[in-house]
1. Once R0 is set to 45 Å, what does the formula 1/(1 + (r/R0)^6) return for the Cβ-Cβ distance between residue 61 and residue 123, expressed as a FRET efficiency to the nearest 0.05?
2. Evaluate E = 1/(1 + (r/R0)^6) for residue 113 and residue 170, where r is the Cβ-Cβ distance and R0 equals 25 Å; express this FRET efficiency to the nearest 0.05.
3. Please give, to one decimal in nm, the separation of the simple spin-label points placed at residue 190 and residue 232, each 7 Å out from Cα toward the Cβ.
4. Length gain on complete extension for the stretch residue 88 to residue 34, per 0.36 nm per residue less the alpha carbon to alpha carbon distance?
5. Classify the stretch 1-68 from the C-alpha gyration tensor, please: rounded if a/c falls under 1.5, else prolate or oblate depending on whether a/b exceeds b/c.
6. Which value in deg cm²/dmol, rounded to the nearest 500, describes the helix-derived mean residue ellipticity at 222 nm for the chain, given -39,500 (n - 2.57) per DSSP H run of n ≥ 4 and division by the residue count?
7. Show me 279-288, 180-189, 93-102, 66-75 ranked by packing, highest mean number of other Cβ atoms within 10 Å first.
8. Can you tell me the order of 168-178, 76-86, 41-51 when each peptide is scored by its average per-residue count of other Cβ atoms within 10 angstrom, highest first?
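Bear in mind that the values in this text are calculations on the coordinates, not laboratory data. Since we're looking at a predicted model, the values are computed, not measured. Cβ coordinates were reconstructed from backbone atoms using ideal geometry, including for glycine residues, and neighbour counts include every protein chain displayed.
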């Protein structure tokens with residue numbers, strides 16, 4: 001819906017561009033294509049801490065950019081953008097007049113310190129919320145993905161347009177869903193428990209994997225991003241030999257200008273089951289992957 005909201009038919013007389021991290025959440029790509037824009041895949045790799053640096057793009061490309069997605073904590077790597085990185089992205093968006101969309105759905109799942117957000121970065125800059133939209137959800141903080149409830153905040157003019165678009169294009173949420181969402185937003189105790197459980201599962205994963213397959217505890221989110229050499233082969237082996245479902249990183253990325261797809265070597269592992277089941281699955285996973293290398 002963000003793409004429909006902010007992507008015009010032309011930007012500075014050219015086909016508009018939509019920037020997204022690579023690897024990325026697939027909805028970003030679908031939104032760009034449906035809006036008639038050029039999707040631009042910006043590397044988010046180990047070399048840059050898995051945070052895309054939009055400032056390295058050519059000014060000509062930035063001038064025709066209508067929208068940029070920034071996910072922090074990141075899906076799939078769990079990397080967290082610093083406050084300075086967020087402020088730099090906002091400044092760039094305002095300089096080239098594009099909308100910076102913050103996907104902050106994992107903002108309350110973190111290992112140590114709460115991650116900074118775009119709204120806090122705007123406050124630090126001190127020039128209002130122009131050119132910024134932030135999306136959040138109950139699906140991660142409250143483990144309630146089926147509820148389909150969340151919020152969007154940011155630039156007042158964009159929020160007004162978003163409200164008008166949603167009132168015409170989307171069904172109104174049923175009152176029971178709204179009541180459940182209200183109760184979840186008001187309660188923090190279950191979020192603390194949820195966050196604590198993820199920390200325990202990451203500790204279990206660290207004990208099992210050590211530093212093998214590039215394992216390190218992410219700063220946020222609930223995924224492992226493991227370097228297995230060939231994501232498709234590893235995914236098939238884990239399902240065939242261990243009954244374990246993971247997502248190949250190849251499905252979350254596209255080839256860059258060098259022809260290399262940055263997700264090809266990785267698998268995304270979601271630690272969303274109970275602790276005992278997760279630990280058992282990770283132990284089987286380690287055994288199977290160790291036979292492959």
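1. Numbers: r = 29 Å, r/R0 = 0.64.
Efficiency, rounded to the nearest 0.05: 0.95.
2. On the way: r = 35 Å, r/R0 = 1.40.
It comes out at approximately 0.10.
3. That separation, rounded to one decimal, is 4.1 nm.
4. Values: separation 54, 0.36 × 54 = 19.44 nm, distance 2.82 nm.
Gain on extension, residue 88 to residue 34, equals 16.6 nm.
5. Working: a/c = 2.89, a/b = 1.40, b/c = 2.07.
Oblate, because a/c is 1.5 or more while a/b does not exceed b/c.
6. On the way: 11 runs with 122 residues, N = 293.
It lands at -12500 deg cm²/dmol.
7. Values: 279-288: 17.7, 180-189: 12.7, 93-102: 21.8, 66-75: 26.3.
Packing order, densest peptide first, comes out as 66-75, 93-102, 279-288, 180-189.
8. On the way: 168-178: 9.7, 76-86: 21.9, 41-51: 18.4.
The packing order, highest mean first, is 76-86, 41-51, 168-178.
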